[in-house]
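The values are calculated or read from the model by the stated rules, or taken from the named source; none is laboratory data. Here the structure is a predicted model, which is why all the values come from computation and not from measurement. In this analysis, Cβ positions are derived from the backbone assuming ideal geometry, glycine residues included, and neighbour counts consider all displayed protein chains.
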Amino acid sequence: MTTAVAPSAPLTAEDRCDRCGAQAYLRVELATGGELLFCAHHAREHGAKLKEIAVTVQDETHKLERTPAVAPDDER
């Protein structure tokens, strides 16, 4: 028997870090069926331990490296 896992939806500005309430950029799905959300700071701080307990990790910290399309030309 095989089980297909639906991909998680992209994280949005409404997804908040479970530690501090900042915008979440990392979703950790646990074997128990629960999930944890972390900002980039707390994802780095707890990353090694999270990978030990995670079934899947959705890491969207790469979004922090982009310059927003609405940024002034001198910031691009």
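Scanning region 21-61 for residues being on the phi < 0 side of the Ramachandran plot and part of a loop (DSSP other than H, G, I, E, B) gives a total of 8.
Quick one: in region 17-39, of everything that is small (Gly, Ala, Ser) and at pLDDT 95 or above, which residue is nearest to the chain's Cα centre (by Cα)?
As a first pass, look at region 17-39 and keep what is small (Gly, Ala, Ser): 21-22, 24, 31, 33-34.
Filter again for at pLDDT 95 or above, leaving 21-22, 24.
Details: 21: 13, 22: 11, 24: 5 Å.
Checked region 17-39; the qualifying residue nearest to the chain's Cα centre (by Cα) is 24.
For region 18-49, the set of residues classified as in contact with a strand residue (DSSP E or B) (Cβ under 6 Å, 6 or more places away or on another chain) and surrounded by fewer than 13 Cβ atoms within 10 Å (Cβ to Cβ) consists of 31 only.
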